[in-house]
Amino acid sequence: MIRFEKQASLELAAMTVLSVLMVKSAGAGDFHVPTTTSAEAQAAAQAFSLDERNFDLPQPADTEGWRAAWQGNEEIQKPISEEVVARLGTSVEEKLLGGVRILDIKPKGWTDNGKVLVYTHGGAYTLFSADSTLNSSAPVAQATGLRVVSIDYSRPPDARWEEVTGQVVSVIKALLADGYEMGDIAIYGDSAGGALAAGSILRARDEGVGLVAAVVLWSPWSDITETGDTYTTLQDADPLLIYEGSLENAADAYAEPEDQKHPYVSPIYGDYSSGFPPTLIQVGTQEIFLSNAVRHYRVLDTAGVPVTIDPYEGMWHVFQAFNWNIPEADLAREKMAVFLKRELDY
């Protein structure tokens, strides 16, 4: 297994789990490839390998190790995002909003319809940035026709959940100050960003800011503790995610163990009886976060929140971004666009 020591080189730090999605490795073919998925998805799945999945992340308090891991991952992922932006002709502008760095993303041919979609990126809170996740946000902007505000939130262990959720709320408040109303704003997030989106909307509600019009969650890390059936039953099937020594270290960097079931951290534990926006949850059947999606759906549905769970046969974690141009990703974004057009009324 790859281990990030304090003096780890950027070459080692770059060897994160997500690089396997872009480069076929020598050990590829370790995972079941369903014949029920598209030919493009089957070809992509052939690249997955245990050697790439079974990696360790730094210890929770190892600030230097996390920075090296983040930098190495950025060096791999930013060129991929830049290529997507170039192919789609997306406009990307760096700004400050509510004191928080954001990327203001507009699809080619964009016209202002008075609506905005906030994006909170994934990466176990500790990896990725607004810049290196444009392979998620740029295709979403293209599919929905919306202006997307991608939040470049601070990363653990330098910043923890209190500050990070506060930054999301600050961006929403700044959009209101710019003239948007809550009914003009939706939010989406993937993986850790999915939990951040839901947790931040709970916080905004509790602080009296109000509720946005809609929430979309892709493979949300809705419970950052190792709780849920598929953390166990799908561990050998998941080609990307492993908890022990990896996600668990990121969880501990983001929140102390005693805070990890706080609703703003793990929104599965939230009280939705006082309201939450209509929500769309998309998830693959080949990922350990499947239980997160099912449990989060059940909590919302039980509270009477309008919610749809949209599962994808044979798909892996956040396939909509990591393999953004396979047919399943196109379909997921199309369904997301229909949902947002209905809830935002544009």
Original post:
So is ASP223 closer than 29 Å to TYR312 by Cβ, at pLDDT 95 or above, out of contact with any strand residue (DSSP E or B) (no Cβ under 7 Å at 6 or more places or on another chain) and open to solvent by less than 10 Å² (accessible area, probe 1.4 Å) or not?
Top reply: yes
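Table: residues versus (1) in contact (Cβ under 8 Å) with a residue 40 or more places away in the chain; (2) of a type outside the set (Lys, Arg); (3) outside any loop (DSSP other than H, G, I, E, B).
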| residue | (1), (2), (3) |
| --- | --- |
| LEU247 | yes, yes, yes |
| GLN286 | yes, yes, no |
| GLY304 | no, yes, no |
| ILE309 | no, yes, yes |
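Residue by residue, here is whether (1) in contact with a Lys or Arg (Cβ under 9 Å, 6 or more places away or on another chain); (2) of a type in the set (Val, Ile, Thr); (3) farther than 30 Å from GLY109 by Cβ holds:
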{"site": "GLY145", "(1), (2), (3)": "yes, no, no"}
{"site": "VAL149", "(1), (2), (3)": "yes, yes, no"}
{"site": "ARG160", "(1), (2), (3)": "no, no, yes"}
{"site": "GLU163", "(1), (2), (3)": "no, no, yes"}
{"site": "SER170", "(1), (2), (3)": "no, no, yes"}
{"site": "ALA174", "(1), (2), (3)": "no, no, no"}
{"site": "GLY179", "(1), (2), (3)": "no, no, no"}
Original post:
Give me the pairs: first residue in the range 266-279 and of a type in the set (Phe, Trp, Tyr), second residue part of a loop (DSSP other than H, G, I, E, B), beta-carbon distance under 7 Å, and six or more apart or on different chains, which are they?
Top reply: TYR269/LYS261; TYR269/PRO263; TYR272/ALA303; TYR272/VAL305; PHE276/LEU211; PHE276/VAL305
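Any chance the range 333-345 includes a residue that's open to solvent by less than 20 Å² (accessible area, probe 1.4 Å), outside any helix (DSSP H, G or I) and more than 18 Å from ALA141 (Cβ to Cβ)? Break it down stepwise before answering.
Keep residues of the range 333-345 that are open to solvent by less than 20 Å² (accessible area, probe 1.4 Å), which gives 333, 336-337, 339-340, 344.
Among the residues that remain, those that are also outside any helix (DSSP H, G or I) are: none.
Checked the range 333-345: no residue is open to solvent by less than 20 Å² (accessible area, probe 1.4 Å), outside any helix (DSSP H, G or I) and more than 18 Å from ALA141 (Cβ to Cβ).
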Subject >> Matching residues, the range 285-308, being open to solvent by 50 Å² or more (accessible area, probe 1.4 Å), within 19 Å of the chain's Cα centre (by Cα) and more than 24 Å from ALA251 (Cα to Cα) >> reply: THR308
Original post:
Quick one: in the range 94-139, which of the residues that are part of a loop (DSSP other than H, G, I, E, B) and among the hydrophobic types (A, V, I, L, M, F, W, C) is surrounded by the most Cβ atoms within 10 Å (Cβ to Cβ)?
Top reply: PHE128
Subject >> Only listed residue being free of Cβ contacts under 8 Å to residues at least 12 places away in the same chain and either among the basic types (Lys, Arg) or touching a Gly at 6+ places or on another chain (Cβ under 9 Å) (or both), chosen from ARG147, ARG87, ARG101 >> reply: ARG87
Original post:
Out of all the residues in the range 74-93, which are over 24 Å from VAL164 (Cα atoms), touching a helix residue (DSSP H, G or I) at 6+ places or on another chain (Cβ under 7 Å) and not in a helix (DSSP H, G or I)?
Top reply: THR90
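Quickly run through the range 150-172 and pick out the residues that are in contact with a Gly (Cβ under 6 Å, 6 or more places away or on another chain) and closer than 17 Å to ALA255 by Cβ. Steps first, answer last, please.
Within the range 150-172, the first condition is being in contact with a Gly (Cβ under 6 Å, 6 or more places away or on another chain), and the residues that meet it are 165, 170-171.
The answer is THR165, and nothing else.
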Original post:
Can you tell me which of LEU211, LEU202 is modelled with pLDDT of 95 or more and open to solvent by less than 10 Å² (accessible area, probe 1.4 Å)?
Top reply: LEU202
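A quick yes/no check of all residues on (1) touching a Phe, Trp or Tyr at 6+ places or on another chain (Cβ under 9 Å); (2) under 21 Å from ASN323 (Cα atoms):
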| site | (1), (2) |
| --- | --- |
| THR37 | yes, yes |
| ALA43 | no, yes |
| PRO58 | yes, no |
| GLN77 | yes, yes |
| PRO107 | no, yes |
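Matching residues to (1) under 18 Å from GLU93 (Cβ atoms); (2) open to solvent by less than 10 Å² (accessible area, probe 1.4 Å):
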site	(1), (2)
ARG160	no, no
THR165	no, yes
VAL171	yes, yes
ALA192	no, yes
Original post:
Counting just the residues of the range 240-284 that are among the aromatic types (Phe, Trp, Tyr) and crowded, with 23+ Cβ neighbours inside 10 Å, which one comes out farthest from VAL140 (Cα to Cα)?
Top reply: TYR254
Subject >> Subset of the range 36-73 (residues that are in contact (Cβ under 8 Å) with a residue 60 or more places away in the chain, open to solvent by 40 Å² or more (accessible area, probe 1.4 Å) and not in a loop (DSSP other than H, G, I, E, B)) >> reply: GLU40, THR63, TRP70, GLN71
Subject >> helices (runs of 4 or more DSSP H) completely within the range 160-240 that count 2 or more residues being in contact (Cβ under 8 Å) with a residue 40 or more places away in the chain and more than 20 Å from SER266 (Cβ to Cβ) >> reply: 161-177
Original post:
Does ALA86 satisfy the criteria of being modelled with pLDDT of 95 or more, surrounded by fewer than 18 Cβ atoms within 10 Å (Cβ to Cβ) and either among the hydrophobic types (A, V, I, L, M, F, W, C) or touching a His at 6+ places or on another chain (Cβ under 8 Å) (or both)?
Top reply: yes
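The values are calculated or read from the model by the stated rules, or taken from the named source; none is laboratory data. This is a predicted model, so every value here is computed, not measured. Cβ: placed from backbone, ideal geometry, glycine included. Neighbour counts: every protein chain shown. Heads up: the accessible areas ignore ligands, DNA and RNA and are worked out on the full protein's heavy atoms, side chains in. Shrake-Rupley method; radii C 1.70, N 1.55, O 1.52, S 1.80 Å.
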